[in-house]
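This report refers to the structure that appears directly beneath it.
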Number of protein chains: 2
Amino acid sequence: MIFQVDFKSGKPVYLQLVDQIRYAAAAGALRSGEPLPSIRPLAEELRVNRNTIAKAYAELEGQGVIETIPGKGCFLKKSDSPFNKPVRQKLLAAEIDEAVVMAHHLQVDREKFLALVKERLDYFERKSDAKKND
Amino acid sequence: MIFQVDFKSGKPVYLQLVDQIRYAAAAGALRSGEPLPSIRPLAEELRVNRNTIAKAYAELEGQGVIETIPGKGCFLKKSDSPFNKPVRQKLLAAEIDEAVVMAHHLQVDREKFLALVKERLDYFERKSDAKKND
DNA sequence: TTTACTGTCATAGAACAGTATGACAGTTGG
DNA sequence: CCAACTGTCATACTGTTCTATGACAGTAAA
């Protein structure tokens, strides 16, 4: 797993990492139980402060994506949804609304939008499957 | 059009307004060419500084949602996409990916996800249609 | 136990975001 | 022209966010 940070993007480094790890987990590049790079070496590699990595990991733990075992390290959680069904749906609906509103402003019609959604779903599924069979 | 701000939500007031106006435009509650409330009266009504409203409007202008005519006021733009087709698709794909990744972490499967997307699309279409026929 | 690794916490400083005030410029109608 | 309205800009204050440093605590193996 290779991470990249862009210092001039304006986006906080720790959030860039959070996103990358969430994406990697969703795309299957990181799998359940797999260990994440430990904080200090990764910080050195990315030329970033230890605590910046630590903050990213802490955020991911808060989101229920990873799990940290004191003295051992951080690992990808198996089942990573700490929320119940109605809360899940509400969170997800809000996220989807963002995309729907944007589609409207960009003048992308319903059919084009649905096609794009399916394309993105396929993209993640392909990536995930490819990883399984290696 | 009535706006509401929540001071204890943690979310910046000007961004709350940006979202509300974008949503209102997408849902048809605000229509092309329609004037937005002028800055000072709206600021007074919401008990907010003038510049907070001004910032929200400036942000919306940057996004191509509204248009401001010096000395006259701010108006909803007719066709509000200043981007070309490939850029549009890329922006939208990124937004959709956010939702797809979240769906994965919340363990919402493909079919459920697609159903939810359709439901949200319908929701906005209904709102928009209702407004047209009044 | 010692050493070398894991993550954690308290603290501090720099940069940024959010908001507020006052002075300014364009438009419209009396 | 003048008054009352529109949005704009420069500036400053405040609180928060982001990053960095150093000391600390748990785990594992020699």
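The values are calculated or read from the model by the stated rules, or taken from the named source; none is laboratory data. Bear in mind that the values here come from a model prediction, so they are computed numbers and not experimental data. Every residue, glycine among them, receives a Cβ derived from its backbone with ideal geometry; neighbour counts consider all protein chains shown. Side chains are part of the model used for accessible areas, which takes the heavy atoms of the whole protein and leaves out ligands, DNA and RNA. Shrake-Rupley method; radii C 1.70, N 1.55, O 1.52, S 1.80 Å.
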Single residue of region B:31-40 satisfying the filter (away from chain A (no Cβ under 14 Å) and surrounded by 11 or more Cβ atoms within 10 Å (Cβ to Cβ)) that is farthest from DNA strand D (Cβ to nearest atom): B:Glu34
All positions within region B:41-56 that are assigned to a loop (DSSP other than H, G, I, E, B) and open to solvent by 30 Å² or more (accessible area, probe 1.4 Å): B:Arg47, B:Asn49
Matching entry among A:Ala130, A:Ala99, A:Ala94 (being within 9 Å of chain B (Cβ to nearest Cβ) and away from DNA strand D (no atom under 16 Å from the Cβ)): A:Ala99
Residue check, A:Glu45 over 25 Å from A:Ser128 (Cβ atoms), more than 10 Å from DNA strand C (Cβ to nearest atom) and at pLDDT below 95: yes
Residue list for region A:57-112, filter: among the basic types (Lys, Arg) and either in a helix (DSSP H, G or I) or loosely packed, with under 12 Cβ neighbours inside 10 Å (or both): A:Lys72, A:Lys78, A:Lys85, A:Arg88, A:Lys90, A:Arg110, A:Lys112
Looking only at region A:14-42, and only at residues there that are under 30 Å from A:Arg126 (Cβ atoms) and more than 14 Å from the chain's Cα centre (by Cα), the one that is farthest from DNA strand C (Cβ to nearest atom): A:Gly33
Of all residues making up region B:113-134, the number that are modelled with pLDDT under 95 and over 21 Å from the mean Cα position of the chain (by Cα): 2
Subset of region A:41-84 (residues that are among the acidic types (Asp, Glu) and more than 12 Å from every other protein chain (Cβ to nearest Cβ)): A:Glu44, A:Glu45, A:Glu59, A:Glu61, A:Glu67
Test: A:Lys55 is farther than 26 Å from A:Asp122 by Cβ, more than 14 Å from the chain's Cα centre (by Cα) and in contact (Cβ under 8 Å) with a residue 40 or more places away in the chain: yes
Pick from region B:48-81, criterion in contact with a Ser or Thr (Cβ under 9 Å, 6 or more places away or on another chain) and at positive phi, ranking: modelled with the lowest pLDDT: B:Gly64
Residues within region B:10-19 that are farther than 14 Å from B:Glu45 by Cβ and either buried (at least 16 other Cβ atoms within 10 Å of the Cβ) or touching a helix residue (DSSP H, G or I) at 6+ places or on another chain (Cβ under 7 Å) (or both), tallied: 3
Those residues of region B:1-28 which are at pLDDT 90 or above, assigned to a loop (DSSP other than H, G, I, E, B) and within 14 Å of another protein chain (Cβ to nearest Cβ), in sequence order: B:Lys11
